[in-house]
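What follows is a single structure, written as structure tokens, with notes after it.
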Amino acid sequence: QVPLVESGGGVVQAGGSLRLSCAASTSIFNLYAMGWYRQGPGKQRELVATILRSGSNNYIDAVKGRFTISRDSAKRTINLQMNSLKPEDTAVYYCNAVPERGDSWGQGTQVTVSS
């Protein structure tokens, strides 16, 4: 399986916004629900947002109302719009299928939110 490629991270002040994008292969994009995961300093990786092939989505409580996950079928990308960012959102963000596929983890993209 070809690893996924994440982009769009950066350094932003609290209250700011970032938009992450993930490029996926045709097979993984068409066959699986997709999600954005994150791993903060000293923390385990967690799934923060999921989007089904139908377009339905789910979020953990910590990001509800601030993050929006979407998928672009023409570009085969999974996007994460992050608004009202908080210092606790600082993490490396990854996309993968849901449930995750071990052979699809990419390098991730670093998001740093300063207070």
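The values are calculated or read from the model by the stated rules, or taken from the named source; none is laboratory data. Not measured: the values here are computed from a predicted model. Neighbour counts run over all protein chains shown; Cβ positions are idealised from the backbone, glycine included. The area values use the complete protein model at the heavy-atom level, side chains included, leaving out ligands, DNA and RNA. Shrake-Rupley method; radii C 1.70, N 1.55, O 1.52, S 1.80 Å.
Against the condition at pLDDT 95 or above, touching a strand residue (DSSP E or B) at 6+ places or on another chain (Cβ under 9 Å) and surrounded by fewer than 13 Cβ atoms within 10 Å (Cβ to Cβ), how does VAL63 come out, does it pass? Considered against the rule, which asks whether it is at pLDDT 95 or above, touching a strand residue (DSSP E or B) at 6+ places or on another chain (Cβ under 9 Å) and surrounded by fewer than 13 Cβ atoms within 10 Å (Cβ to Cβ), VAL63 comes out as no. Among the residues of the range 89-115, those identified as open to solvent by 60 Å² or more (accessible area, probe 1.4 Å) and either in a strand (DSSP E or B) or of a type in the set (Asp, Glu) (or both) are GLU100, ASP103, GLN110. Restricting the first member to the range 71-84 and to residues that are buried (at least 18 other Cβ atoms within 10 Å of the Cβ), and the second to residues that are basic (Lys, Arg) and not in a loop (DSSP other than H, G, I, E, B), the beta-carbon pairs closer than 9 Å and six or more apart or on different chains are THR77/ARG71; ILE78/ARG71; ASN79/ARG19; ASN79/ARG71; LEU80/ARG19; MET82/ARG19. Meeting the requirement of 2 or more residues that are more than 20 Å from GLY102 (Cα to Cα), the strands (runs of 3 or more DSSP E) wholly within the range 1-88 are 10-13, 18-23, 57-59, 67-72, 77-82. Among the residues of the range 7-19, not a single one is open to solvent by 20 Å² or more (accessible area, probe 1.4 Å), modelled with pLDDT under 95 and hydroxyl-bearing (Ser, Thr, Tyr).
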